[in-house]
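**Student:** Below is one structure. I have some questions about it.
The values are calculated or read from the model by the stated rules, or taken from the named source; none is laboratory data. Please read these numbers as outputs of a predicted model, since none were measured by experiment. Methodologically, a virtual Cβ is constructed for each residue, glycine included, from the backbone with ideal geometry; neighbour enumeration extends over all protein chains shown. With ligands, DNA and RNA removed, areas are computed over all heavy atoms of the protein, side chains included. Shrake-Rupley method; radii C 1.70, N 1.55, O 1.52, S 1.80 Å.
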Amino acid sequence: MGETAMGRTGTGELGLRERKKQRMYQDVSDIAVRLFLERGFDAVSVAEVAAEAGISKPTLFRYFPAKEDLVLHRIADHETEAARIVTAAPAGPLAALRRHFLDGLDRADPVTGLNDHPQVLAFHTLLYGTPALVARAYGHLERSEAALAEALGGDLDARLAAGQIIAVQRILAQDNWRRIAAGEAVEAVRPEAVRVAERAFDRLETGLPYLATSETR
């Protein structure tokens, strides 16, 4: 009984440490994004972010290896999103990804670009308008492709398919964001966004027919 109790305590402490770590990530990222939005990405140093967060610069770098990661932490959870959808869905991979993207458009999920909340627009403007962040974001896309490719089987065909799928989702989202950022209303953009997404996934299914059913997974 003593050993079991100690085991539970250890696990609880580990869980608490992990929660504190995740909270640190979130808090520091939020502070950094706020400063970047107020003054510009290049105008704010890592030392200033660390000081505002009440931690040392070396501590900050233990959490975020690069300055750009302070911003990209906001989208880190999406790196494995496509892979998770494909793995969990009973339907074919493309059918599952199509449904997920269309559901995102319906609920104005920021990841689809179809969201006009001021904070979302400001974040996307920061992300897409900062060359260093755009360059760093390609690592995010590569990791998304790699995770999806693994979920699709891991061979060359899977990697080629994953590259196409992730590219389609990225381009659709950026086109939606550009229209919203230019002043168009979400409800005005949504019908066309849905039609374009449907057409894009139709073309993916035409070019990748073996991913249209669940038999290939």
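**Student:** How many Å² of accessible area per residue for the chain, probe 1.4 Å? Write out the running numbers ahead of the final one.
**Tutor:** On the way: 11940 Å² over 217 residues.
Per-residue value: 55 Å².
**Student:** Listed highest first by mean packing, meaning other Cβ atoms within 10 Å per residue, what order do 27-37, 42-52 come in?
**Tutor:** Details: 27-37: 18.9, 42-52: 14.9.
Ranking the peptides 27-37, 42-52 by packing returns 27-37, 42-52.
**Student:** A further question follows. Along each principal axis of its Cα atoms, how long is the range 119-188 end to end? Whole angstroms, biggest number first, please.
**Tutor:** Largest to smallest, the principal-axis extents are 43, 29, 15 Å.
**Student:** Continuing with this model, one more query. Could you state the number of Å between the C-alpha centres of the range 136-150 and the range 21-76?
**Tutor:** About 22 Å separates the Cα centre of the range 21-76 from the one of the range 136-150.
**Student:** If you rank I75, I171, I166 by how much accessible surface each has, with a 1.4 Å probe, what is the order from largest down?
**Tutor:** Descending accessible area places them as I171, I75, I166.
**Student:** Based only on Cα atoms, what mean projected area does the convex hull of the chain have, in nm²?
**Tutor:** Result: 15.6 nm².
**Student:** Please report, in whole Å³, the volume per residue of the convex hull around the C-alpha atoms of the range 72-198. Kindly include the intermediate steps, with their values, before the conclusion.
**Tutor:** Working: hull volume 12.5 nm³, N = 127.
About 98 Å³ per residue, rounded to a whole number.
**Student:** If I model the range 23-116 as equal point scatterers sitting on the Cα atoms and use the Debye formula, what is log10 I(q)/I(0) at q = 0.22, 0.23 Å⁻¹?
**Tutor:** -1.00, -1.05
**Student:** At 1.4 Å probe size, with the rest of the protein present, what percent of the exposed accessible area of the chain is carbon and sulfur atoms?
**Tutor:** Numbers: 6480 of 11940 Å².
Whole-percent figure for carbon plus sulfur exposure: 54.
**Student:** Take every Cα pair under 8 Å in the range 62-201 that's 6+ residues apart, average their separations, divide by the length, and report that relative contact order as a whole percent.
**Tutor:** Computed value for the range 62-201: 33 percent relative contact order.
**Student:** Restricting to DSSP H runs of at least four residues, report the calculated mean residue ellipticity at 222 nm for the chain, -39500 (n - 2.57) per run over all residues, nearest 500 deg cm²/dmol.
**Tutor:** -24500 deg cm²/dmol
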